[in-house]
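Data block below; observations after.
The values are calculated or read from the model by the stated rules, or taken from the named source; none is laboratory data. What you are looking at is a predicted structure, and each value in this text was computed from that prediction instead of being measured. Neighbour counts are summed over all protein chains in view; Cβ atoms, including those assigned to glycine, are modelled from backbone coordinates with ideal geometry. With ligands, DNA and RNA removed, areas are computed over all heavy atoms of the protein, side chains included. Shrake-Rupley method; radii C 1.70, N 1.55, O 1.52, S 1.80 Å.
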Amino acid sequence: NKGKAISGRIGYQPNINTIIGFSGYRGNSKQEINAIDGRYAIGQFGLKGEYATYKDAFNNEAKGYSIQGKYNVAPNLSLDGELNLLARYDSVDLGGSSTEVTRSTLGVNYRPAKQLVYKVSYQMQDNSDDNALMASVAVGF
């Protein structure tokens, strides 16, 4: 099988509130993805972000990043679980003129149990009318 690939991630946790990760992927056509990510949490506030790059043997290149902040309002409302207010910004540059796509998202996630989350968000594409109201439910087991 000539379609083999390898990937991995190394994480570092300098303290209980902070996690930093480095990851990579190497595959066919000399595909290469490199990324760095991080999380910081204190009290009811959380912040996370990621930056990644991509290139291959066909001179395709891309890079992108995201940053997200959240605030858990459940303790203020005497609710069980988590009720997070979210704000997120994403940007992807696909490697050519006018190929950058940016998006801002505002949302609410309710997690009544560790394995269950209800999500509602409004995504706004910059320089476009392709905005969307999104809703989802996720269950882990």
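Here are the numbers for the structure shown:
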| read-out | value |
| --- | --- |
| Answer from SER121, SER78 - the residue that is open to solvent by 40 Å² or more (accessible area, probe 1.4 Å) and farther than 30 Å from GLU32 by Cβ | SER78 |
| Given (1) open to solvent by 70 Å² or more (accessible area, probe 1.4 Å); (2) in contact (Cβ under 8 Å) with a residue 12 or more places away in the chain; (3) over 20 Å from GLU50 (Cβ atoms); (4) of a type outside the set (A, V, I, L, M, F, W, C), number of the condition ASP129 does not satisfy | (2) |
| So ALA62, is it modelled with pLDDT under 95 and surrounded by 15 or more Cβ atoms within 10 Å (Cβ to Cβ) | yes |
| Given (1) part of a loop (DSSP other than H, G, I, E, B); (2) of a type in the set (Asp, Glu); (3) modelled with pLDDT of 95 or more, index of the condition ASP80 fails | (3) |
| In region 81-99, the residues that are more than 20 Å from the chain's Cα centre (by Cα) and either open to solvent by 80 Å² or more (accessible area, probe 1.4 Å) or acidic (Asp, Glu) (or both) | SER97, SER98 |
| Per-region count, region 50-59, residues in contact with a Ser or Thr (Cβ under 6 Å, 6 or more places away or on another chain) and open to solvent by 70 Å² or more (accessible area, probe 1.4 Å) | 1 |
| Residue within region 79-100 that is of a type in the set (Phe, Trp, Tyr) and closer than 26 Å to ILE16 by Cβ present | no |
| Those strands (runs of 3 or more DSSP E) lying entirely in region 1-70 with at least 1 residues under 17 Å from the mean Cα position of the chain (by Cα), hydrophobic (A, V, I, L, M, F, W, C) and closer than 25 Å to GLU100 by Cα | 18-27, 31-42, 45-55 |
| Qualifying residue in region 100-112 (condition: loosely packed, with under 14 Cβ neighbours inside 10 Å, in contact with a strand residue (DSSP E or B) (Cβ under 8 Å, 6 or more places away or on another chain) and modelled with pLDDT of 95 or more) | yes |
| Subset of region 1-49 [open to solvent by 90 Å² or more (accessible area, probe 1.4 Å) and charged (D, E, K, R)] | LYS2, LYS4, ARG9, ARG26, LYS30, ARG39 |
